[in-house]
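One structure is given below, encoded as structure tokens.
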Amino acid sequence: MMNSGIPEELYVKRQQLDQLDLQIVDLLAKRFEITKKVGELKAVHSLEALDAQRETEKLSSLREYSMKFGLNGSLIESLFALIMEEVVTNHRKLR
């Protein structure tokens, strides 16, 4: 046990989670870099910021994929819906 009363194993697991959280943020930053370029291309080609069909297909695909790992498909779909909402907002600002 550590001095704070937290078992060493718990402390280590929390550190691992902290590192994973940072990696998730790093990946989101990279994703938003790419989506910015996508938004710029859409603006140049006068395409709509929202591609509802692609979004629906993508959310469904991610839901299915997440379930392979025993994850809550609804949670994953909700998380990505929020991410995609932010992307569309950013794309609209590029017009």
Report task. Any chance you could give the angle, 0 to 90 degrees and rounded to 10, that helix 8-44 forms with the longest Cα principal axis of the chain? Result -> 10
Report summary line: Around residue 14 (Cβ within 14 Å, Cβ-to-Cβ, excluding residue 14; K/R +1, D/E -1) the net charge comes to -3
Requested in this report: Treating the angle as unsigned and between 0 and 90°, give the value, to the nearest 10°, between the Cα long axis of helix 52-67 and the longest Cα principal axis of the chain.
Outcome: 20
Query - Mean separation of Cα contacts under 8 Å, 6 or more apart, over the residue count of the stretch 8-93: relative contact order % - result: 31
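No lab work stands behind these numbers, since they all come straight from the coordinates. From a predicted model like this one, the values you see are computed outputs, not experimental measurements. Heads up, the Cβs are rebuilt from the backbone with ideal geometry, glycines too, and the neighbour counts pull from every protein chain shown.
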